[in-house]
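Quick one: the structure is below, questions incoming.
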């Protein structure tokens, strides 16, 4: 099975020995993605803004992989404070397709750089019919 790394300048660059995403076996596996502006490197302020930016970063990564938010099958949300769940969930819901993907959401996770949320995702890569 082939694995292909995905990179886009429209999402934050990987900060370590990992890829923004990997395409393999008809799926795209997006690494944990935070609410960091891909141009400035600035961290968004507050849980809603960080969640919004993280989801926009995921959408950009999925697009670079030939997929989209409409093809999500699984997400995992790691977040720092369980008290932020309702606010985080409200932003998340606005970005999800119908039906929404399967999801896990462990709370009280210590994230680097004082981040409040990190989201990883798995999506299908649709097969484009040949002309």
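Readers should treat all values here as calculations from the given coordinates under stated rules, not as data from a laboratory. Keep in mind it's a predicted model, so treat the numbers as computed, not measured. All Cβ positions, even for glycine, are placed from backbone atoms using ideal geometry, and neighbour counts span all protein chains on display.
If you stretched the chain out fully between residue 24 and residue 108, how much longer would it get, using 0.36 nm times the residue separation minus the C-alpha to C-alpha distance? Show your work: numbers first, answer last.
Working: separation 84, 0.36 × 84 = 30.24 nm, distance 3.11 nm.
Going from the current span to full extension adds 27.1 nm.
Something else: Can you give me the angle between helix 85-95 and the longest principal axis of the chain, using Cα atoms only, in degrees from 0 to 90, rounded to the nearest 10?
Rounded to the nearest ten degrees, it is 30.
Helix 47-64 sits at what angle to the longest principal axis of the chain, using alpha carbons and giving 0 to 90 degrees rounded to 10?
For 47-64 against the chain, the angle is about 10 degrees.
Compute the separation of the alpha-carbon centres of region 48-65 and region 77-99 and state it in Å as a whole number.
13
Tell me the volume per residue, in Å³, of the convex hull enclosing the alpha carbons of region 22-63. Don't skip to the answer; put the middle values down first.
Details: hull volume 2.8 nm³, N = 42.
Per residue, the Cα convex hull of region 22-63 comes to 66 Å³.
Which log10 I(q)/I(0) values, to two decimals, does region 1-46 give at q = 0.19, 0.23, 0.32 Å⁻¹ under the Debye formula with one point per Cα?
Result of the Debye calculation: -0.63, -0.82, -1.21.
If neighbour count is taken as other Cβ atoms inside 10 Å, put 71, 7 in order from fewest to most. If you can, show how the numbers build up before the last one.
Values: 71 19, 7 13.
Ascending number of Cβ neighbours within 10 Å: 7, 71.
With runs of 4+ DSSP H residues as the only contributors, calculate the mean residue ellipticity of the chain at 222 nm using -39,500 (n - 2.57) per run, divided by the residue total and rounded to the nearest 500.
Values: 2 runs with 29 residues, N = 131.
Result for the chain: -7000 deg cm²/dmol, rounded to the nearest 500.
Follow-up. How far apart, in nm, are two points set 7 Å out from the Cα along the Cα-to-Cβ line at residue 49 and at residue 3?
A separation of 3.6 nm, rounded to one decimal place.
To one decimal place, what orientation-averaged projected area in nm² is obtained for the convex hull of the Cα set of region 4-124? Let's see the in-between values first.
Numbers: hull surface 27.3 nm².
For region 4-124, averaging the hull's shadow over all directions gives 6.8 nm².
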